Amino acid sequence: MSIDTSKVATSNSSAAIAKKPGRAGAVAEWADDRLGLATAMKKNLRKVFPDHWSFMLGEIALWSFVVLLLSGVFLTLWFNPSMGEVQYNGSYDALRGIHMSEAYASSLKLSFDVRGGLLMRQMHHWAAMIFIASMMIHLLRVYFTGAHRKPRELNWVIGCLLLLLGTLEGFTGYSLPDDLLSGTGIRAADGFMKSMPVVGSYMSFFLFGGEFPGESIIPRLYTVHVLLIPGLLLALIAAHMLLLVYHKHTQWAGPGRTEENVVGFPMLPVYAAKAGGFFFIVFGVIALMGGLLTLNPVWLYGPYDPSKVTAGSQPDWYMGWPDGALRIMPGLETHLFGHTLSWNVFLPIIVLPGLMFTILLLLPFVESWITGDKRDHHLLQRPRNAPTRTATMVALMTFYGLMWAAGGNDIIAILLDLSINQITYFMRVAVFVGPVIAFIITRRWCISLQRKDEEVLLHGYETGVIMRSPEGGYSERHLPVSESRAYTLTARDRDPDVTAPESTVDANGLEDPSSGRLSGLRQRLRTLMYADNVQPPTRQELEAAHHHADHDADHHADHHADHELESRDRDALPGGH
Amino acid sequence: MRFLNRSVGRLSRHRRGPVAGLVLLLLGLLVSGGLYAGLAPASADETRTDAELIAEGRELFLVSCAFCHGQNGEGLETLNGNILGPSLVGVGAAAVDFQVGTGRMPMAQPGAQAPTKPEELDEDETEAVAAFVASLGPGPAVPSPEDYSLDGLDDEEREQAIVRGGQIFLTNCTACHNFNGKGGAMPRGGAAPDLSNTTPEHIYEAMLTGPGQMDSFSNGNLSPEEKRDVIAYLMNLREQPNYGGFTLGGLGPVSEGLFAWLGGIGALVAFAVWIAAHTTRSSKKKGETA
């Protein structure tokens, strides 16, 4: 093995002199003298991020938002948000001569007469679908790993607002081309508003500037779509990311990782390259989808006309679940003093989404109220180690998924040859029963996985090596897991003991001020949350188990006569160590 | 006259010749055969009389249709008052050509939807059954190809026909058949079928007769030209390129959302896993001392 000496100094006689900065260095120095960037950058360029695939899901949302901004700016150069009537004379033969709004005519022009326009339209729409989908999977990752706990509750709230605004932004964009589908969507929104008791019709007239459809709705939605909501989104994304930097990223437990540090790679060069590269991947995937997959072929829908409708009129996927609720809701109406209250519209489409959003917003606060845990958390939890929380989210996902499926009931009916009525009846029951079943299964599943972890820690992992004793009994050899894996498995907090009744009197004999009327409920919820969980083994339990394992291994090797009887008993139960 | 006498005389000289009888026999056969071929009615298969066609159709009807529609097409009810098969009086030949020609009838079992399947009866048999059913009462006849063809129109008129047909289609048809003619769901397990592969003749007949849950668009409702235009629009849908790329089934936002999740998010999460699995590469190589 030769030693490369080319980089070793040949003499130490001359002192080290700083070289004159190169051209780039000179520019950087000029800028730093005036902007003082170096101090701010020095810290942040070396900022460390932990490495895990699930930490990149939010990045998909960020990068698809960038694609949305870029493609959206392109579209605004040609789109004409006006409901003025024109006669179409563009390239698409099958609509030539038809009277339509300028908004729809300019959508057709973008699709057929602007170079690259259809690609940009489809990229913008696909990016919107992916933007909201990636926000949702990011939300799931955060919740399943417990990253919403203190100090990140407010960032959770900001994330929820981003999801809500993203959905509204998507809906306004869906409504702009003024084709049959988007017009049907606006018509539905008009109906939703009018279902609100007392204020509904006033709100509708205010929004539409008179009776539906009027001439104002598209210019108004356009302003909301290109100015108001994007501005709010940008501001909230900035706040979301500043909080991320301020809190520092959470990390998985493991050797060397504590609540006080972050183990990973620095921003420069590693994360700048990874994140920058991921932007190009997101851009590329969206460009491929925009180029290859038809999305909202507006020319086939034709201009909006309130007398027309098409089968398969659905909103984009993120509005699909309230649509499903609307589809399976029985037709309840009340007639009061000559007024009709449409519960069949008001409950599923106005009340339910508001309720679900409130639940989502409050999840971290409800959890910390139940657990009473006010500590800071920077180490993530595996979903199995918070079985009740994991089961709660899976129940919510099941509810969402069933509603979602109900929103596509007509497509399910024709593709699977089912009766749309039977799908509806099934869903009416399933949306209530399904989440309960999902909750129970998920919770027990998580607890089983905890038991598996405990077994691995105490009895070692299954080697697949089958041993035969001289008596002819068979057993599988278990070996202890590595130190670092054992550390990772045990690096979690023990849950509070909920078997003992919580005393309302503290050590000084004073009444606990937090115990109010709700403390009984809180106690019951705590019991539900923790009672069946498997706690990580104590040091004594681990040592005892290791001693037993060593002893067992010696015993297998030496086959000491004293243990013959014990051994036979044990070997009779395969894997019973 | 002299010439005629002379040639007859010349012929008559052979009348007692050895081959005269044979020639006369051949001549007689040729004339009678030729006359028969020219004057007698052609073979029974090619031009059946209406009565024969109806009789043949009745035989087929009794075997294939009468179980539900009754022996005289009067329709049958089940014991609890449901309709087993509706009355066929007045549905016309067009209805039979549509129902039997697309394989919907004879149905395997009564139900909300008559599914298309390979035809049970061939064209001649269908024609015979159609003639029988048409004889039960006046109804729409099978349209001829001129009724739904754009032949004879110049380019501009064709384009206008397609545009007009598109508007009629979007007003009257898309509510069930979808904007792309890809079909949609109807109550109780019924379905408005996908029109992508239906022949122009069958589309015309369906508009004329209103099969299943479909409305019938009589000529007073949609004129024959308007029906032709709707067909022209549908044919144009088939012919025009898919400007946006793969159509994802042409079913609207549900299939698009499915692709956003399975394709888009699926691919991007796979890339995230891939990026995270490749950690920084150290520049140190094996054998190089630090």
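Coordinate-derived values only; no laboratory data. The structure displayed is predicted, hence computed values, not measured ones. Because the Cβ atoms are built from the backbone with ideal geometry, glycine has one as well, and the counts that use them run over all protein chains shown.
Observations, loosely collected:
- Order of A:258, A:39, A:488 under a 10 Å beta carbon neighbour criterion, fewest first: A:39, A:258, A:488
- Residues in region A:323-361 that a label on residue A:198 would reach, taking backbone N under 11 Å of a point 7 Å out along Cα→Cβ: none
- Relative to the longest principal axis of the Cα atoms of chain B, the long axis of helix B:155-172 makes an angle of roughly 60 degrees.
- Rounded to the nearest 10 degrees, the angle from helix B:50-64 to the longest Cα principal axis of chain B is 40 degrees.
- With a Förster radius of 30 Å applied to the C-beta separation of residue A:69 and residue A:305, the computed FRET efficiency comes to 0.35.
- Mean per-residue shielding of peptide A:57-65 is 2, counting Cβ atoms of other chains within 10 Å of each Cβ.
- Across region A:60-344, counting alpha-carbon atoms alone, Rg and Dmax equal 22.0, 72 Å.
- Cross-link partners of residue A:109 among aspartates and glutamates (Cα-Cα below 16 Å; sequence separation of 8 or more within a chain): A:85, A:93, A:178, A:179
- Taking only the Cα atoms of chain A, the radius of gyration and Dmax are 31.2, 103 Å.
- Per-residue ellipticity at 222 nm from helix content only, as computed over chain A with -39500 (n - 2.57) for each DSSP H run of at least four residues, stands at -18500 deg cm²/dmol.
- Debye equation applied to the C-alpha atoms of chain B, log10 I(q)/I(0) at 0.07 Å⁻¹: -0.50
- Reducing region A:273-307 and region B:174-248 to their Cα centroids gives an inter-centroid distance of 28 Å.
- A protection proxy built from the mean count of other Cβ atoms within 10 Å ranks the segments A:421-427, A:81-87, A:398-404, A:461-467, most packed first, as A:398-404, A:421-427, A:81-87, A:461-467.
- Residue A:236-residue A:416 FRET efficiency (beta carbon distance; Förster radius 45 Å; 0.05 resolution): 0.65
- Other protein chain C-beta atoms within 10 Å of residue C-beta, averaged over A:412-423: 5.
- Within-14-Å neighbourhood charge of residue A:324 [Cβ basis; K, R +1; D, E -1]: -1
- Rounded to 10°, Cα long-axis angle of helix B:200-209 versus longest principal axis of chain B: 90
- Cross-link pairs A:42/A:374; A:308/B:182; A:43/A:150; A:194/B:182; A:42/A:248 - those with Cα-Cα distance over 21 Å: A:42/A:374; A:43/A:150; A:194/B:182
- Distance between modelled label sites at residue B:235 and residue A:89, nm, 7 Å Cα→Cβ extension: 2.9
- Residue A:154-residue B:219 FRET efficiency (beta carbon distance; Förster radius 60 Å; 0.05 resolution): 0.30
- Per-residue mean of C-beta atoms belonging to partner chains within 10 Å, peptide B:176-189: 6
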